[in-house]
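Scroll down for the structure; my scribbles are underneath it.
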2 protein chains.
Amino acid sequence: MDKPRFSTHHSQCEPQAIRDALVEVDCEDCGLDPICMVLDYAEEASGVPEGVLVRRHPVERGETIFRQEDPFHSIFAVKSGSFKTSVEYAGRSRQIIGFQFPGELIGVEAMSQKTYPCTARALERSSVCQLRIDRLPESGRPLETLQASIIQLLGREVTFSHQLVSSLVHQSAEQRISGFLLSLSSRLTRRGMPGTEFILTMSRTDIGSYLGLASETVSRVLTRLGRSGAIRLRRKRILILDRNTLEQLTAG
Amino acid sequence: MDKPRFSTHHSQCEPQAIRDALVEVDCEDCGLDPICMVLDYAEEASGVPEGVLVRRHPVERGETIFRQEDPFHSIFAVKSGSFKTSVEYAGRSRQIIGFQFPGELIGVEAMSQKTYPCTARALERSSVCQLRIDRLPESGRPLETLQASIIQLLGREVTFSHQLVSSLVHQSAEQRISGFLLSLSSRLTRRGMPGTEFILTMSRTDIGSYLGLASETVSRVLTRLGRSGAIRLRRKRILILDRNTLEQLTAG
DNA sequence: CTGGATTGTTGATTTGGATCAATAAAAACT
DNA sequence: AGTTTTTATTGATCCAAATCAACAATCCAG
């Protein structure tokens, strides 16, 4: 079943986990945790009806967990692996609006809508926990507490978006990409995953679409960062060598 | 039909309301309305303690209603006039992250934070309604219902932000500015204000900061749009002549 | 394994928008 | 009123990133 056998010279040293994204985020590190806590984690044991919280659902690479225009019913937390969310407006080309890693939530932006405004697709073999928002009232848990949690995480989402807008539009390609790498790194670290060595599970084109750059530019800047010694880059694998330099580059 | 033209030469024909932004949005058209409804509008008459909802508070041009890092306690709805919100990160220059017009909410992004992540400043003589989130529990109203409303408006905020990011980073200066004008127009219309003739109460620099463009570029594109006949431009006053063209330009 | 499709890298050229700079026009103040 | 300060327009130049293009590496299906 295995053959980790990676690119580099000492392939057997390569943790299999990193390659196949089998690393699961701990529940305490997951964005859904405040809500799961209220639901008491184990549905069966706590009188919460089945189907309110579906745990550790596997998703194959390339599969979607929902598509743009699908009716909204659930938010998801990435348990392992990674996802991209994208939108497509009336014939215009598809654009990436975000990437999600273990512990992070997907579908939050649909919360006040009838349908999902974007498509969420697995970038690799992944797993998700699913919270049926439409069935929350049946859970028998105090709605007030649940809503308070939801308000929390929506608020965080808004703040993040605002920061993203205000930074992206004012930054050069080098700033955007340095910032992107740092952001990935810190997001992975925050959820208890290795933050200095990781795989860019998305394509250069995806990164470009997300950051508003041509894929060639992404490629060029990445190799430049590699040459400068700030990172080590081998194909999709990133090794952050000099976080300091990256921070300076991001700031400009 | 006749040529639309500005009434600048005949200043007395100028609707005073437009010039001095005395136009108030109707409560039914206000983003705070769902919450005000629960609070029954008139506090005194409904047993809601004073100070939960402060109505029609006047704000002078240039004044702030809150500053970045101030402790969070309230969200605001613009009743008349207009505002800009801006952020400043560690020494870097101040950036505009949004404009708010009558009926729109300010401070929503602070909902899950301890402090406001931005500063809100009046672009002209304005007025706001203030909702003390921290005193909501004292209102004696069902918290569930209030929270549900808050979730609604946070969700909308998230959606708007996402659209903004995904469009801005991929658009040319002309697309951004056409889109900006259309956005202003439709936002004003939605709240029952004139949407084809309005004042750009913010400076070119503010617009540029918001859209990620140099103020010179904003100026140039606006005059170009004026020459092409899509808009009529006189200083801060905008007259939308050809919405169709603007839409095409926005799409690219 | 082989051949084709996809994805990534690198080079050459073009261009949109930033930047620098000089006025012009309004506002704000005295 | 006139004077200063701020804000907007327009021009000239330069550069970062898009685009066009060729090629290399990798993945995948048969």
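The values are calculated or read from the model by the stated rules, or taken from the named source; none is laboratory data. Keep in mind the model is a prediction, meaning the values are calculated, not measured. With ideal geometry, Cβ positions are generated from the backbone for all residues, glycine too; neighbour counts draw on all protein chains shown.
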Out of everything in segment A:186-203 that is within 16 Å of DNA strand D (Cβ to nearest atom) and aliphatic (A, V, I, L, M), what residue ends up being farthest from the other protein chains (Cβ to nearest Cβ)? A:199
Filtered residue count, segment A:204-252, keeping only those that are among the small types (Gly, Ala, Ser) and more than 11 Å from DNA strand D (Cβ to nearest atom): 5
Kindly indicate whether residue B:95 is over 30 Å from residue B:143 (Cα atoms), modelled with pLDDT of 80 or more and within 16 Å of DNA strand C (Cβ to nearest atom). yes
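Quick grid of which residues meet (1) assigned to a helix (DSSP H, G or I); (2) surrounded by fewer than 17 Cβ atoms within 10 Å (Cβ to Cβ); (3) within 12 Å of another protein chain (Cβ to nearest Cβ); (4) in contact with a Phe, Trp or Tyr (Cβ under 9 Å, 6 or more places away or on another chain):
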{"position": "A:146", "(1), (2), (3), (4)": "yes, no, yes, no"}
{"position": "A:155", "(1), (2), (3), (4)": "yes, no, yes, no"}
{"position": "A:164", "(1), (2), (3), (4)": "yes, no, yes, no"}
{"position": "A:167", "(1), (2), (3), (4)": "yes, no, yes, yes"}
{"position": "A:175", "(1), (2), (3), (4)": "yes, no, yes, no"}
{"position": "A:178", "(1), (2), (3), (4)": "yes, no, no, no"}
{"position": "A:184", "(1), (2), (3), (4)": "yes, no, no, yes"}
Being among the small types (Gly, Ala, Ser) and surrounded by fewer than 19 Cβ atoms within 10 Å (Cβ to Cβ) is true for just one of B:98, B:140. Which residue is that? B:140
Can you tell which of B:112, B:82, B:74 is surrounded by 21 or more Cβ atoms within 10 Å (Cβ to Cβ), more than 16 Å from DNA strand C (Cβ to nearest atom) and of a type in the set (Ser, Thr, Tyr)? B:74
Segment B:199-232, subset surrounded by fewer than 20 Cβ atoms within 10 Å (Cβ to Cβ) and in a strand (DSSP E or B), residue farthest from DNA strand C (Cβ to nearest atom): B:232
State all residues of segment A:64-100 that are aliphatic (A, V, I, L, M) and within 14 Å of chain B (Cβ to nearest Cβ); if no residue qualifies, say none. A:75, A:87, A:90, A:96, A:97
Give segment A:127-145 a look and list any residue that's of a type in the set (A, V, I, L, M, F, W, C) and within 23 Å of the chain's Cα centre (by Cα), or say none. A:128, A:129, A:131, A:133
Subset of segment A:234-252 [buried (at least 17 other Cβ atoms within 10 Å of the Cβ) and either β-branched (Val, Ile, Thr) or free of Cβ contacts under 8 Å to residues at least 12 places away in the same chain (or both)]: A:238, A:240, A:250
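Each row is one residue, and each column tells you yes or no for (1) under 18 Å from residue B:211 (Cα atoms); (2) not in a strand (DSSP E or B).
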{"position": "B:56", "(1), (2)": "no, no"}
{"position": "B:62", "(1), (2)": "no, yes"}
{"position": "B:65", "(1), (2)": "no, no"}
{"position": "B:69", "(1), (2)": "no, yes"}
{"position": "B:77", "(1), (2)": "no, no"}
{"position": "B:85", "(1), (2)": "yes, no"}
{"position": "B:90", "(1), (2)": "no, yes"}
{"position": "B:97", "(1), (2)": "yes, no"}
